[in-house]
Amino acid sequence: MTIGLARTGSGQAPGAASRQRVLRGALPAASLLIVLAAIWYFNPRAISYFGLNLMLNLAIPVALATIAQMCVMATNELDLSIGSFVGFVACVTATYMTSQPLLALLMLAGGILVYMLAAVVVHLRNVPSIVVTLGLSFFWAGLAVLIRPTPGGAAPAFLRDLMRWQPPFVPLPVLLAVLIGVGVHLLLMRSSYGAVLRGVGGNARAVSRAGWSILKAKVAMFALAGVFGILSGLTLVGVSSSADANMATGYTLLSIAGAVIGGAEFIGGRISPIGAVIGALVLQLAASALNFFKVPFLPGGRIPQEWQVGAQGMFLIVILAARVLISKAEK
Amino acid sequence: MSDLALRPPGWKMPNLPVWSWSFLAALLVWVLSFTIAGQGAGGMLVAALSFSAFTVMVGLGQMFVITLGPGNVDLSIPATIGLASAVAMKVMGGQDGMIAVGLLAALGCGLLIGGFNYLLIRLLRIPPIVATLSASLIIQSVGISYGRGLQIKPPPALTDATFARLLGVPVLAIAAIVLSVIAAILLQRTIYGRTVLAAGQNMRAAHFAGLSVERARLLTYILSGGLAALCGALLAGFSGGSSLSMGREYLLSSIAVVVLGGTSVAGGRANVPGLWGGALFLFMVSTLLNTAGFGSGLRDVFTGLIIVAGIAITGTRQALR
Amino acid sequence: MASPQGTAVSLSGVSRSFGAVRALSGVDLAIPEGQCLGLVGHNGAGKSTLMHVLAGTLRPDTGQIALAGEQHDRITVNLAQRLGIRCVFQELSLCPNLTVAENTRILHPSIRGFGWRRKAGRLIAAMLDRIFPGHDISPDAVVADLSIGRRQMVEIARAFTVSQGALRLVILDEPTSSLDATTARQLLDFMRGALKSGVSCVLISHMMGEILNYSDLIAVMKNGQLVASGPVGQFSSESLVELMSGGEHPDRTARQRAARVRAETAISVRAEEPGRGLPFIARQGEVIGLAGLSGHGQTDFLVRVFEAARARHPGLSVSGDVSFVAGDRQADGVFPLWSIADNIGVASLPALRNGLLLSPGKEKDLSDRWGRTMGIKAPSLKDEILSLSGGNQQKALFARALSTRSAVVLMDDPMRGVDINTKLDVYDIIAQEAAGGRTFLWYTTEFEELEYCDRVYVFQNGRIVGELEGEQITEAGVIGSSFKDKEAA
């Protein structure tokens, strides 16, 4: 963050500003195409029904966690607890959903309630969400360990069946990704209250001057984040068919990275649900793609597995750098 | 210790300074735990001082970063600890003669990471959270690929030093106290420190007062990286070798001790003694829960709740000001 | 509709303080139905505060508000909404991340359900067409992509849109500040038309012509009080200016410019930036005024000079160090957690060291000396800066800038909301320091302060459009220069 020295508005022509926005909006899609092209170049067979199914099998939980993160980011806050929360949900689901469904549902509803309380604390006490959610991340992780001290449990049949379903023509992860992206787009970008919710991130004072409650809007966004966190945990259990308290700790970083790649910004309420889903897919593909890249000068000719995380970090940096270049070129 | 309280000269003294609360809380939990255990008060204190030394070391860096103002936080600390400990162990190679070189190598690695963090913040114009986050993803990978199959024991002299005591006080704790005093002087009596405090209160005003805000930010991220690296190297000596997940708990605890110690999370006000109060308190709480027979799960739940409660309470105080 | 003699809103005994600053004290005001009230006054006179009270965004400390035949202690945002009070604030109230239509929807809770976008889009487009025929704003444009002027047009049009209930009162706070002459006239003509349907308006403007030509009634505010009000016919441009400044004219004989302006003295600031109008020169020991309507690039110019002193800047050269006196104290000046002494010393730190470390003794000496020079009224300089009144905080900021060794002092409209006694103290010190060879670049929105300047540059849309010297420095001279450009455009 640099100091914004000019207080008066930007002198940009409106045309340039919207062109820049279009370019930036196209960035997630462009990066997805580039990654797909790279995978196809090294291993054409991977771009197939089964290849995509395999490479993207974990993309749906990540995409849902990214959507949850994006909901929080829309209110200019950040959720560092989403990874632990998804792990908690997975443990609850794998342990109780089959035997004591009511208890499981109550616990998940409690999760949403805690998210709403967090919004209240953050807003009324005017404290940074990073610290509150970092504290909550320990809270969820601790609960998950209490529920499931050792890895195990079983996915409820309906979740396992859902995640193993093989729809005709389109691989399930792709189908779900489209559904999630479009669904959340309709919910937040096309609904009339969605405009108010996003307005809070853009200019909270203006929204409250029009008579809306900022607190309600923030609580609503955090509750949505809780809901999508739960969906993420459910699908994760469906894919992996058992649970472990630490199974989703990486999701916190991945969700922020995915949302940022998808065009979300930390201040100003700018979000893009479709972009966020694409961001999650890109990160997932970038990690899987490493297996296919042949690099002659490396031992074994392949990029080592441990660079998966690093590749995601670098991908994030490259995308952010591209964004900076776009806005510089337009000036 | 009250002369260390980092209030600008002229701050009105309340009945009790903010940082003393964390000490009182730590004291209370300490008394409670050895009462329950029925023994071991002294041993518990020594252990608390040793473990707190590490927390305070990273907490100092995190405190400077957080004091820079809203949005500033170093999320790359755990990855830095992991990588620096691996570097230290590899360079030392188990030989006593290489300890100094190994420490320097680890330190250098931390300074570089700090510089890299700042570079990302500045060049990509992204919030420090994302910058240190992306950096930590990369550092993790470097750490994994560098430290693969690494099972090098620390040099015996390093291990001995981390357990040594002077007049019953762990040498590590003494070193951390010295570092704390230096940090306090740095913060209050140098232009760099004043710039950090000023920028944390009002970045534009600091710039217009002619202070070099950006240089102070660079130095601060470098400082945080360096302290995390130093902590990593010593931690490897303390725990008999390096491991990449070694730093994991320090992300939360570095932020927690800063918050519990009375440093303003909104920036502009730092508190060195409070770090010690916060660190001792956190250790005592987990000891208490251990003594009472609670597992790690419940310990995490309580730690999380304490942090949320702490920030909610201090938040009110700021709002009342 | 309503009877022509009815009162839309009336305020009685409304007061409001911010800390030690009394922004409104005992204001009585009635706004008749179907009429336009022109509200004038200098910056900080309390006009905007009064309008915030009317719009429900600020709670008055005391006073009564009569609205639709009911008495209220305060108006809430929701009540204002329900009763049809709309306000176009000086700071824009649009969400930049939303489209024009979405911003319209935020003001209309009743627009929802299927097709809400189309409804909101049609509503705002129709109003834009009525007020600003020939505009080029699409309801689907994202506000962040619009120029400041177009945002202002959207905000104005939005204030006049109605979805349910009736519009009672529209407050226009400097609505024409970012509009060009044609659009401004379109707006004001539309407003006159709207009055006929029973809507009342409050028009706040610094342009006396607008007020005199388009209002039915005029109220003049000064230092948080209403100093005059009546039908428009009672006032003239001159009498309004006289009422606004109310005998606070500086002692004109104190001007001793001729003695200080020496053509041969060294140049301390020189600016010849392409596309930014006339060249700018400030000589050692000169007090240079930056005039023009507020927000026309004066602050940006000061910031560029400040940056040019620290790093090379094309077209700008500055000799010697520069210090900055902020006008927006909270945003650019005060360190709220620090004492008065720390706030004073912060710009002089390099000179306050003993070796590597700062010396508490030197810090104390410096702040004591300058606290005394500036006459800061506080029990102790160790007290928190926020315990001071606004005027004394401003003195501390002056002390910060003047205690440095800088050759050039930049002042960003520093007297906003400062009491007259503080002002007079500071004017004297500026004159002394200038006589000692310091150069002052002084952006001010108050005409009287230009009287203290040796020369004045007039800004318009980020460009220097005029240079005035000596007897040319009059309100008419400045206004004349700043509108040359606008008429031509």
Original post:
If you go through region B:181-200 one residue at a time, how many are in contact (Cβ under 8 Å) with a residue 40 or more places away in the chain, crowded, with 22+ Cβ neighbours inside 10 Å and either in contact with a Phe, Trp or Tyr (Cβ under 9 Å, 6 or more places away or on another chain) or more than 17 Å from C:A326 (Cβ to Cβ) (or both)?
Top reply: 5
**OP:** State whether one or more residues within region C:382-402 are within 26 Å of C:S268 (Cβ to Cβ) and open to solvent by 30 Å² or more (accessible area, probe 1.4 Å).
**Re:** no
**OP:** Within region C:408-444, track down each residue that is open to solvent by 30 Å² or more (accessible area, probe 1.4 Å) and of a type outside the set (G, A, S).
**Re:** C:R416, C:D419, C:I420, C:N421, C:L424, C:D425, C:D428, C:Q432, C:E433
Subject >> Positions within region C:97-118 being within 11 Å of chain A (Cβ to nearest Cβ) and surrounded by fewer than 20 Cβ atoms within 10 Å (Cβ to Cβ), in sequence order >> reply: C:P109, C:S110, C:R112, C:G113, C:F114, C:G115
Subject >> Matching residues, region C:319-333, being buried (at least 24 other Cβ atoms within 10 Å of the Cβ) and among the hydrophobic types (A, V, I, L, M, F, W, C) >> reply: C:V322, C:F324, C:V325, C:A326
**OP:** Give, as residue ranges, the strands (runs of 3 or more DSSP E) completely inside region C:183-239 that count at least 1 residues that are at pLDDT below 90 and out of contact with any Lys or Arg (no Cβ under 8 Å at 6 or more places or on another chain).
**Re:** C:217-222, C:225-231
Subject >> Conditions (1) within 14 Å of chain C (Cβ to nearest Cβ); (2) open to solvent by less than 40 Å² (accessible area, probe 1.4 Å); (3) assigned to a helix (DSSP H, G or I): number failed by A:F228 >> reply: (1)
**OP:** Of the conditions (1) under 25 Å from B:T162 (Cβ atoms); (2) more than 15 Å from the chain's Cα centre (by Cα); (3) open to solvent by less than 30 Å² (accessible area, probe 1.4 Å); (4) within 13 Å of chain A (Cβ to nearest Cβ), B:G297 clears all except one; give me its number.
**Re:** (1)
**OP:** Considering (1) assigned to a loop (DSSP other than H, G, I, E, B); (2) touching a helix residue (DSSP H, G or I) at 6+ places or on another chain (Cβ under 7 Å); (3) farther than 18 Å from C:H42 by Cβ, say which one C:L410 fails and leave the rest.
**Re:** (1)
**OP:** Please indicate, with yes or no, whether at least one residue in region B:102-109 is part of a loop (DSSP other than H, G, I, E, B), open to solvent by less than 20 Å² (accessible area, probe 1.4 Å) and on the phi < 0 side of the Ramachandran plot.
**Re:** no
Original post:
Which number in (1) at pLDDT 90 or above; (2) over 28 Å from A:R125 (Cβ atoms); (3) not aliphatic (A, V, I, L, M) marks the one condition that A:G250 misses?
Top reply: (1)
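Residue-wise test of (1) more than 8 Å from every other protein chain (Cβ to nearest Cβ); (2) without any contact (Cβ under 8 Å) to a residue 60 or more places away in the chain; (3) more than 23 Å from B:F51 (Cα to Cα); (4) surrounded by fewer than 24 Cβ atoms within 10 Å (Cβ to Cβ).
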| residue | (1), (2), (3), (4) |
| --- | --- |
| B:T220 | yes, no, yes, no |
| B:A236 | yes, no, no, no |
| B:L252 | no, yes, no, yes |
| B:V272 | yes, no, no, no |
| B:S286 | yes, yes, no, yes |
**OP:** Look at C:F132 and say whether it is aromatic (F, W, Y) and more than 13 Å from every other protein chain (Cβ to nearest Cβ).
**Re:** yes
Original post:
Which is within 14 Å of chain B (Cβ to nearest Cβ), loosely packed, with under 15 Cβ neighbours inside 10 Å and of a type in the set (A, V, I, L, M), of A:L124, A:L80, A:L106?
Top reply: A:L124
Original post:
Within region B:203-216, can you find the residues that are open to solvent by less than 20 Å² (accessible area, probe 1.4 Å) and in contact with a Ser or Thr (Cβ under 9 Å, 6 or more places away or on another chain)?
Top reply: B:A206, B:F208, B:A209, B:L211, B:V213, B:A216
Original post:
Any idea how many residues of region C:49-78 are open to solvent by less than 10 Å² (accessible area, probe 1.4 Å) and either small (G, A, S) or outside the structural domain of C:G26 (by the TED database) (or both)?
Top reply: 1
Original post:
Tally time: how many residues in region B:110-134 are over 20 Å from B:R215 (Cα atoms) and in contact (Cβ under 8 Å) with a residue 24 or more places away in the chain?
Top reply: 1
**OP:** Taking the residues in region A:275-302 that are at pLDDT below 85 and within 30 Å of A:L175 (Cβ to Cβ) as candidates, determine which candidate is farthest from the other protein chains (Cβ to nearest Cβ).
**Re:** A:F292
Subject >> Every residue from region C:307-342 that is over 16 Å from the mean Cα position of the chain (by Cα) and within 7 Å of another protein chain (Cβ to nearest Cβ) >> reply: C:S323, C:F324, C:G333, C:V334, C:F335, C:P336, C:L337, C:W338, C:S339, C:A341, C:D342
Original post:
Residues B:G43, B:G71, B:G38: which one is open to solvent by 10 Å² or more (accessible area, probe 1.4 Å), in contact with a helix residue (DSSP H, G or I) (Cβ under 7 Å, 6 or more places away or on another chain) and free of Cβ contacts under 8 Å to residues at least 60 places away in the same chain?
Top reply: B:G71
Original post:
What are the residues in region C:275-306 that are assigned to a loop (DSSP other than H, G, I, E, B), away from chain A (no Cβ under 14 Å) and open to solvent by 10 Å² or more (accessible area, probe 1.4 Å), if any?
Top reply: C:L278, C:P279, C:Q284
Subject >> Output for region C:28-56, where each listed residue is over 21 Å from C:S294 (Cβ atoms) and in a loop (DSSP other than H, G, I, E, B) >> reply: C:E33, C:G34, C:Q35, C:G56
Subject >> From the options A:A37, A:A144, A:A59, A:A119, residue that is out of contact with any Ser or Thr (no Cβ under 6 Å at 6 or more places or on another chain) and surrounded by fewer than 20 Cβ atoms within 10 Å (Cβ to Cβ) >> reply: A:A37
Original post:
Do any residues in region A:248-268 that are at negative phi have Cβ atoms under 6 Å from those of residues that are open to solvent by less than 20 Å² (accessible area, probe 1.4 Å) and part of a loop (DSSP other than H, G, I, E, B), where the two are at least six apart or on different chains, and which pairs are they?
Top reply: A:T252/A:L80; A:A264/A:I271
Subject >> Any chance A:V132 is touching an Asp or Glu at 6+ places or on another chain (Cβ under 7 Å), within 14 Å of chain B (Cβ to nearest Cβ), in a helix (DSSP H, G or I) and of a type in the set (V, I, T) >> reply: no
Original post:
A:F138 versus (1) out of contact with any strand residue (DSSP E or B) (no Cβ under 9 Å at 6 or more places or on another chain); (2) buried (at least 24 other Cβ atoms within 10 Å of the Cβ); (3) more than 30 Å from A:K218 (Cα to Cα); (4) of a type in the set (A, V, I, L, M, F, W, C): which is the lone unmet condition?
Top reply: (3)
Subject >> Every pair of residues 6+ apart whose Cβ atoms lie under 8 Å, when the first sits in region A:307-322 and is more than 8 Å from every other protein chain (Cβ to nearest Cβ) and of a type outside the set (K, R) while the second is surrounded by fewer than 22 Cβ atoms within 10 Å (Cβ to Cβ) and not in a helix (DSSP H, G or I) >> reply: none
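The values are calculated or read from the model by the stated rules, or taken from the named source; none is laboratory data. All values reported here derive from a predicted model rather than from experimental measurement. So basically every Cβ, Gly included, is an ideal-geometry build from the backbone, and we count neighbours across all protein chains shown. Just so you know, the surface numbers come from the protein's heavy atoms only, side chains and all, with ligands and any DNA or RNA stripped out. Shrake-Rupley method; radii C 1.70, N 1.55, O 1.52, S 1.80 Å.
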